[in-house]
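A quick write-up on the structure given underneath.
Nothing in this text is a laboratory measurement; each read-out follows from the coordinates by a stated rule. Quick caveat, the model's predicted, so the values are computed rather than measured. Here the Cβ positions follow ideal geometry from the backbone for every residue, glycine too, while neighbour counts run over all protein chains shown.
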Amino acid sequence: MIFKRALQRELASTASAVFTVLFTIAITVRPIKILGMAANGKVNSDDVFTLIGFAALNLLPIIIVLTGFISVLMVITRSYQDSEMVVWFASGVSLADWVMPITRFAAPLFLLTAAMSFFVTPWANQHSVEYTDRFDQRSDIARVSPGKFQESASRERVFFVEGVAGDLSKVQNIFVNTVQNNRHSVVIAKEGEMVVDKFGDKFLIMHQGRRYDGAPNQTDFQMMQFDRYGVLVDGDTKSLIPDRKAESLSMTELWADQSPVNMGELLWRISLPLMGLLLMLLAVPLGYVNPRSGRSANFLLALFLCVFYYNMVLVSQAWVKQAKVSLWMSWWPVHLVCIILIALLFSWRLNVNSRYHPLQIWAQLIRKKITPSKGCVS
């Protein structure tokens, strides 16, 4: 009872610290990409913090998986390093007795990872795509921020407005530079407004301005003044339904449309909680370390197996998306190999004193080499 309480308390405190560190790193690195998108005009600057929140929710399942694995590994390694494990072994607690407490610790993380992977992450991805697509479908002039040069979606036009009035339908002091066939058309106007004609095309109607046409490094520029001038902004004002990515589909929608891409996404969602549980069990035998030596080799091996496991799941997902194998033939082999590896490592650690253990056989061979033969004279 004392063993289980001490272990649960240490696992909880270690997991809290590890999760804080991993989440801080993730939430610090991820916003850089979103801020870059906002700076390039790909997303609305007002939606940056919302998109960062959705990105954090998207990363939470992987963070939880790594938190469980690292926490168990650190606790087991510290117990060996401080010779605490020797005390537990002398008290009749074997390495196999660690499985049930670790499983109890892993159960809430398993359920939380499954909930995040099955429901929360698709919801966050769906809303993130909606925010991005909503901004992409806005007209070019509606994306313009006052006092800032903004490139159009077609990258053929650059807008600048000094002020925006009302519901973004009216703007003041307009600059528009259009490049087509290596010729520039610069329009400067005092004010303008958005107008939709009878065909559904959206125009920016500018008043009291000038237009300059010509090619760079040439002298045949043309200038004209106008009281009213229209620029086509959007040729289709109907709200487009964006193609939803598999990451933003719910479990029901994935199952209803069993395309290779959707089945690959389903494999990934199923694999995340399983990977979290198996990695925590794998950390128990991997946590062994000789108290007289360092633990760098122990952590490197554990890190290698974790990365290898993660990459093999990604490979299985890629095969399913490419329709090379079906979901039913690809979701379980990687996890089965991990289960077999866990059983072999536990057997290795539990039977280390057996005369048939590879380490004991190796030690006997070493002793035979250094022991002098009977025919030697001292």
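Which of 103, 178, 67 has the fewest other C-beta atoms within 10 Å, and how do the rest follow up to the most?
On the way: 103 13, 178 18, 67 25.
Lowest to highest Cβ neighbour count: 103, 178, 67.
Taking the Cβ of each residue in 269, 5 as the centre, tally the other Cβ atoms inside 10 Å and list the residues starting with the fewest.
The most exposed by this proxy come first: 5, 269.
How would 212, 310, 229 line up from fewest to most surrounding beta-carbon atoms within 10 angstrom?
Numbers: 212 14, 310 17, 229 20.
Fewest-to-most ranking of 212, 310, 229: 212, 310, 229.
How would you order 54-66, 312-324 from highest to lowest mean count of nearby Cβ atoms within 10 Å? Intermediate values should be presented prior to the final figure.
Details: 54-66: 20.2, 312-324: 16.9.
Result, highest mean first: 54-66, 312-324.
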